[in-house]
Amino acid sequence: MQTLFIVVILLLGFLITFQIAKASEYVSVMRGEEKSRKQNNRINAFLLLVFLIGGMIGVYYCNERLGGKILQMGSSASDHGVDVDMMMKITLIITGIVFVITQTLLFWFSYKYQASDTRKAFYFPHNNKLEVIWTVIPAIVLTVMVGFGLFYWFRITSEAPGNAMVVEVTGSQFKWEFRYPGKDKILGKKYFKEINEANNNPLGQLWDDPANHDDIYVSGEDMHLVVNKPVKLVINSKDVIHDVGLAQFRMKMDAVPGTPTSIWFTPTKTTLQMKKEMNDPEFVYEISCDQMCGKGHFSMRGTIVVETQEEFDRWMVAKKPKYYAAFPEKDPDAMKAKADTVKTIAAVMPQKK
Amino acid sequence: MSNEAIMHGHANVISHDDVHHDEHHAHHHQSFITKYIFSQDHKTIGKQFLITGIIWGVIGGLFSVLFRLQLGFPDQTFPILETFFGHWAKGGVIQPEFYYALVTIHGTVLVFFVLTAGLSGTFANLLIPLQIGARDMASPFLNMLSYWFFFIASVIMFASLFVHTGPAAGGWTIYPPLSALHEAGDGSKIGMDLWLISMALFIVSSLLGGLNYITTILNMRTKGMSMTRMPLTMWAILFTAILGVLSFPVLLSGAILLLFDRNLGTSFYLSDIVVNGHILPNEGGSAILFQHLFWFLGHPEVYIILLPAMGMVSEILSVNSRKPIFGYMAMIGSLFAICILAFLVWAHHMFVTGLNPFLGSVFVLLTLLIAVPSAIKVFNWLTTLWKGNIRFTPGMLFAIGFVSLFISGGLTGLFLGNSTIDIHLHDTKFVVAHFHIVMGVASMFGMFAGIYHWFPKMFGRYLNNTLGYIHFWVTIIGAYLIFWPMHYEGLAGVPRRYLDLRGWHNFNKFDDLNKMITIVSMIVFAMQLMFIFNFFYSIFKGRKVRTQNPWGSNTLEWTTPINPGHGNWVGEIPEVHRWAYDYSKDGRDFIPQTEPIGADESKDH
């Protein structure tokens with residue numbers, strides 16, 4: 001019913017506007033086309049000026065309204081993020097100035113030089129000096145922007161420092177899985193044809209590579225990172241292209257099947273700190289998939305906890321390598337448990353005896 | 001050989017005698033089919049492109065309204081949607097597969113069918129022979145084929161909307177492996193094959209058209225029409241056609257390899273894939289290869305869309321300011337620079353694909369370089385307005401709107417082209433806002449400007465002026481309301497192609513904004529429907545054009561009869577004596593190109 005109502009209103013609005021437009025044409029024919037043309041010209045010239053002023057107020061209002069909701073400059077939670085924010089600030093200032101100048105000139109000229117019987121247009125086909133000026137100035141400004149941009153870019157894309165911890169991220173429709181290299185700090189080799197969820201090998205680890213034996217597999221929970229410790233993410237995909245988007249760290253990298261990629265950064269604020277800083281007790285670092293990956297794309301979410309080294313160690317120590325899930329008989333704990341059981345039994349047995 | 005000879009096959013009968021020429025035309029008893037359907041008249045073909053483009057515009061626009069409905073009101077149900085779309089909108093809620101199909105087809109048809117075929121197809125066909133002084137295209141037959149290939153491509157794309165598993169749904173960029181694997185989703189099934197076939201045919205259409213445009217402009221200019229006397233529309237269309245001819249074949253190859261990967265078991269783009277628990281045998285392919293092939297067209301495509309709009313805007317600004325376009329040679333130079341650079345920046349779409357950082361830095365440099373010719377164009381347009389005597393026809397308003405949008409969208413390009421910032425903004429709503437303003441809406445404005453300006457030439461009638469003004473004001477205000485605040489979502493990191501933000505702690509704070517955008521986009525869409533109504537109504541009932549040259553314009557198309565027949569000029573094709581921009585020279589309002597240089601005329605051109 002409501003829908004029908006809206007449709008009827010739209011149709012009526014449509015008809016009325018059209019009738020007015022048609023009538024205005026007849027009126028203009030009766031009043032003399034030249035006269036109504038001049039009137040239209042004045043109205044539209046005035047509206048262009050109004051649009052300029054209204055638009056600039058709108059730009060200001062929009063920033064007042066939404067400026068607080070975006071990631072504030074300086075609020076980034078990684079070292080690279082600070083660089084990105086800085087570059088953004090430089091670009092914003094330069095483009096902001098150009099925006100205001102050019103839009104103002106455009107609408108102001110339109111208003112000021114509206115047709116009038118008394119004015120003659122100025123025949124001005126070219127002027128080399130002017131053209132050189134507005135070729136050279138943008139070129140210089142852009143050189144500055146490219147210079148800053150590449151300086152930061154090379155810093156961000158440089159090799160990860162040697163002390164960086166490594167975490168492997170694997171995307172698939174529509175979830176994230178993580179792997180930590182364990183004590184040997186080496187991620188074991190993988191081959192996609194070994195992937196077998198049922199058989200405790202979701203990533204396709206090659207078990208004959210000893211480096212795999214201590215790798216910790218984490219899925220369905222937060223990725224844990226250590227504050228102020230550089231981290232290198234090695235990024236993989238099992239099926240289609242995904243993308244590890246880390247808005248608070250200002251980092252992003254595609255996950256491409258068959259071609260591992262990597263990024264590194266240093267988280268500078270723990271989750272706890274961010275909660276306080278953002279005044280948001282629910283705050284959580286999120287991993288968003290930023291590359292269209294199918295129907296669940298919009299819900300492919302992961303979460304990250306940034307914490308102190310002690311907290312991280314406490315978390316990590318409770319984790320077991322996937323290797324032992326695949327080969328329970330190799331698990332020293334299980335062996336010990338077994339041994340314990342045997343011992344217990346052995347201890348109990350004699351009593352029973 | 002003159003065009004007349006080509007057209008009539010017996011030049012000697014008609015070359016001297018005007019009267020005879022007329023009679024000769026009358027002898028052509030054209031049936032409805034040869035006149036309006038399988039027509040070889042460039043003007044009719046232009047109109048065919050335009051009307052097909054309008055139909056696609058309505059479909060693409062409607063799709064955007066539908067997915068905006070989901071974005072603005074994710075928690076509401078619209079039972080009417082289920083009535084129309086059945087299981088795609090089960091319970092009145094747009095399903096994710098449906099949402100992604102909508103955005104994919106919206107992007108595809110707007111970029112290719114509306115802003116490539118509908119824009120350059122229309123105005124290249126309509127304007128090239130009229131503005132350079134030719135009777136028709138170099139090959140009217142190929143020209144006709146160009147339209148009909150487009151038509152078949154359209155039919156196939158349209159058919160794909162009705163297959164059971166739906167049309168392609170991997171985004172308009174159709175990145176494999178998502179688009180290559182049938183198992184990756186419904187949108188990667190038969191709909192994807194149809195998409196690829198349709199695009200292949202579309203590319204054929206575009207090549208046939210493009211080659212024709214280039215040949216015609218280079219070879220068939222009338223006497224005296226040197227290259228540097230051509231209006232800027234012609235230069236823009238020439239560069240557009242060159243871009244298309246050199247880049248579309250690359251997309252064709254990319255699409256064909258993708259078809260092979262999909263159906264013949266090849267591994268061009270596939271490697272190391274386990275989809276739905278199913279281990280695929282493919283190894284050694286590169287998913288990124290496709291992106292290189294795609295963007296090698298994809299980026300020039302942006303300029304294929306934008307350049308014709310720039311050309312028309314230059315012409316319309318100059319005519320209605322009653323001033324020559326400022327810096328004609330610089331305008332050509334900047335078009336040329338954009339055309340060259342367009343081929344050298346494609347990887348700026350791929351900064352976060354794991355591209356070598358050094359390679360990335362080269363593309364940053366080349367990308368930001370494009371800002372220089374763009375800046376030259378903007379300043380030249382501004383100077384064209386300066387000290388003019390400006391008439392605000394609806395066409396002129398849209399041209400001014402184009403410049404405003406081009407500035408706004410161009411400046412945000414400086415954020416995205418800089419790889420450092422792109423790391424954060426890549427694939428967010430910022431990108432959506434950026435390219436919609438600079439490429440989508442701006443080119444649309446160029447197209448509207450062209451339609452309002454040349455409608456009298458196309459149909460011998462005017463569009464309703466008042467509706468034109470309403471159309472302009474609602475559209476420009478709406479466009480800024482929709483896309484300006486969208487940048488903020490992107491700055492907050494909200495990814496594009498998310499149909500529901502409620503599951504995200506850091507993104508779920510733009511409810512009001514999304515509602516506002518949705519409502520405005522519906523109003524803007526309704527306004528476009530009104531424009532289309534105006535368009536068709538005015539074809540039959542519009543105010544009649546009574547003077548040959550209603551805008552007081554210098555260019556050749558206004559020397560033809562009000563309703564030119566096939567062949568355009570009655571009698572000899574006029575000779576050209578000067579450039580197209582002698583407005584307000586020596587105290588005269590305008591001096592048509594056909595007028596010889598006077599003895600006491602001042603020197604410039």
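The values are calculated or read from the model by the stated rules, or taken from the named source; none is laboratory data. Note that the structure is predicted; figures quoted are calculated from it, not measured. Backbone-built Cβ (ideal geometry, glycine too); neighbour counts: all protein chains shown. Remember, those area values only see protein heavy atoms, side chains included, never the ligands or the DNA or RNA. Shrake-Rupley method; radii C 1.70, N 1.55, O 1.52, S 1.80 Å.
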Rounded to the nearest Å, the spacing of the alpha-carbon centers of segment A:8-50 and segment A:265-339 is 64 Å
Taking the alpha-carbon centre of each part, the distance from segment B:218-235 to segment B:455-533 in Å is 38 Å
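In what order, largest first, do A:ASP239, B:ASP272 sit by accessible area if the probe radius is 1.4 Å? Before the final figure, lay out the partial values.
On the way: A:ASP239 5, B:ASP272 50 Å².
From most accessible down to least: B:ASP272, A:ASP239.
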Amide H contacts under 5 Å for B:VAL545, restricted to residues at least 5 apart in sequence or on another chain and with H modeled in the peptide plane, are B:ARG461, B:TYR462
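Per DSSP H run of at least 4 residues, take -39500 (n - 2.57); add these up for chain B, divide by its residues and hand me the 222 nm value, nearest 500 deg cm²/dmol.
Mean residue ellipticity at 222 nm (helix-derived): -19500 deg cm²/dmol.
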Ignoring ligands and nucleic acids, B:MET329 exposes an accessible area, probe 1.4 Å, in Å² to the nearest 10, of 110 Å²
Rounded to the nearest whole number, the Stokes-Einstein translational diffusion coefficient of chain B at 20 °C and 1.002 mPa s (Kirkwood radius, C-alpha pairs) in µm²/s is 85 µm²/s
With all protein chains present, chain B has a carbon and sulfur share of its accessible area (1.4 Å probe) in percent of 67 percent
Karplus-derived 3J(HN,Hα) from phi for segment B:370-382 (6.51 cos²θ - 1.76 cosθ + 1.60, θ = phi - 60°), whole Hz, x at Gly and Pro, runs 4, 4, 5, x, 5, 5, 4, 4, 4, 5, 5, 5, 4
Computed from every Cα-Cα pair in segment B:131-197, P(r) in 10 Å bins starting at 0 and rounded to whole percents is 21, 35, 19, 15, 9, 1
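Could you work out, residue by residue across A:269-275, how many beta carbons of other chains sit within 10 Å of that residue's beta carbon, and then give the average as an integer?
Working: counts 0, 0, 0, 0, 0, 0, 0.
Rounded to a whole number, the mean comes out at 0.
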With every protein chain in place, the accessible area of B:GLU283 for a 1.4 Å probe, in Å² rounded to the nearest 10, comes to 90 Å²
Expressed as a whole number, the average count of other chain Cβ atoms within 10 Å around the Cβ atoms of A:130-136 is 5
Computed ³J(HN,Hα) along segment B:290-302: with the Karplus parameters 6.51/-1.76/1.60, θ = phi - 60°, integer Hz and x for glycine or proline, the list is 4, 5, 4, 5, 4, 6, 5, 7, x, 6, x, 4, 4
Dividing the surface of the Cα convex hull of chain A by four yields a projected area in nm² of 33.2 nm²
For A:ILE287, other-chain or 5+-apart residues with amide H closer than 5 Å (H placed, Pro excluded) are A:GLY302, A:THR303, A:ILE304
Note, segment B:107-120: 3J(HN,Hα) by Karplus (6.51, -1.76, 1.60, θ = phi - 60°), whole Hz, Gly/Pro = x, goes x, 4, 6, 5, 5, 8, 7, 8, 8, 9, 5, x, 8, 6
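Give the peptides A:129-138, B:366-375 in descending order of average Cβ contacts within 10 Å, highest first.
Put in order of decreasing packing, that is B:366-375, A:129-138.
Please report the buried accessible area for the interface of B with A, total over both chains, probe 1.4 Å, in Å² to the nearest 100. Intermediate results must be reported in sequence, preceding the final value.
Details: alone 24080 and 23610 Å², together 37090 Å².
Separately minus together, B and A give about 10600 Å² buried.
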Per the charge dipole of the protein assembly as shown (beta-carbon charges, Lys/Arg positive, Asp/Glu negative, Cα centre), the residue among A:THR143, A:THR170, A:GLN309 reaching farthest to the positive end is A:THR143
Quick calc, the protein assembly as shown, dipole around Cα centre from Cβ unit charges on Lys, Arg (+) and Asp, Glu (-), nearest 20 debye, gives 1720 debye
Between the Cα axis of helix A:128-156 and the main Cα principal axis of chain A, the angle (0 to 90°, nearest 10) is 10 degrees
Checking A:THR95, A:THR270, A:THR308 against a Gaussian network model of chain A (alpha-carbon springs below 10 Å), the top fluctuating residue turns out to be A:THR95
Mean-square fluctuation maximum in Gaussian network of chain A, Cα pairs under 10 Å, restricted to A:VAL306, A:VAL27, A:VAL100, hits A:VAL27
For B:LEU110, the accessible surface traced by a 1.4 Å probe with all protein chains present amounts, in square angstrom to the nearest 10, to 30 Å²
In vacuo Debye sum over C-alpha of the protein assembly as shown, base-10 log of normalised intensity I(q)/I(0) at q = 0.10, 0.11 Å⁻¹, listed in q order, is -1.18, -1.39
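Provide a whole-number value for the mean count of partner chain Cβ atoms within 10 Å of the Cβ atoms in peptide B:447-458.
Details: counts 0, 0, 0, 0, 0, 0, 0, 0, 0, 0, 0, 0.
The mean count of partner-chain Cβ atoms within 10 Å per residue comes to 0.
Only bridges with both residues in the protein assembly as shown count here: give the DSSP antiparallel percent, nearest 5.
Numbers: 36 of 48 bridges.
Taking every DSSP beta bridge with both residues in the protein assembly as shown, the antiparallel ones total about 75 percent.
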Rounded to the nearest 10 degrees, the helix A:2-31 long axis (Cα) sits at an angle to the longest Cα principal axis of chain A of 30 degrees
So the angle from the long Cα axis of helix B:511-541 to the longest Cα principal axis of chain B, reported in degrees to the nearest 10, equals 30 degrees
Both in Å, the radius of gyration and Dmax of the C-alpha trace of segment B:22-110 are 20.8, 68
The equivalent-ellipsoid semi-axes of segment B:378-524, taken as the square roots of five times the Cα gyration tensor eigenvalues and listed largest first in whole Å, are 33, 19, 11
Descending accessible area (1.4 Å probe), largest on the left, turns A:HIS297, B:HIS436 into B:HIS436, A:HIS297
The size of the Cβ-based charge dipole (Lys, Arg +1; Asp, Glu -1) of chain B about the Cα centre, to the nearest 20 debye, is 1100 debye
Ordering B:LEU280, B:LEU218 by the accessible surface of their heavy atoms, 1.4 Å probe, largest first, yields B:LEU218, B:LEU280
Projected onto the charge dipole of segment A:165-328 (unit charges on the beta-carbon of Lys, Arg, Asp and Glu, signs +1, +1, -1, -1), the Cα from A:ASN279, A:PHE327, A:PRO260 with the largest positive-side position is that of A:PRO260
Checking A:ASN128, A:ASN199, A:ASN63 against a Gaussian network model of chain A (alpha-carbon springs below 10 Å), the top fluctuating residue turns out to be A:ASN128
The longest stretch of chain B containing none of the trypsin sites (Lys or Arg not before Pro) that sit in a DSSP loop with at most 13 other Cβ atoms within 10 Å is B:224-501
From the cross-link list A:LYS269/B:LYS509; A:LYS89/A:LYS185; A:LYS183/A:LYS295; A:LYS112/B:LYS43; A:LYS229/A:LYS322, the entries with a Cα-Cα span beyond 30 Å are A:LYS89/A:LYS185; A:LYS183/A:LYS295; A:LYS112/B:LYS43
Cα-based Rg then Dmax for segment A:165-328, in Å, read 15.6, 49
Regression test value, accessible area per residue of segment B:38-546, probe 1.4 Å, units Å², expected 27 Å²
In terms of the charge dipole of segment B:208-321, which places +1 on Lys and Arg and -1 on Asp and Glu at the beta carbon, the residue among B:LEU251, B:PHE239, B:ILE288 farthest towards the positive end is B:PHE239
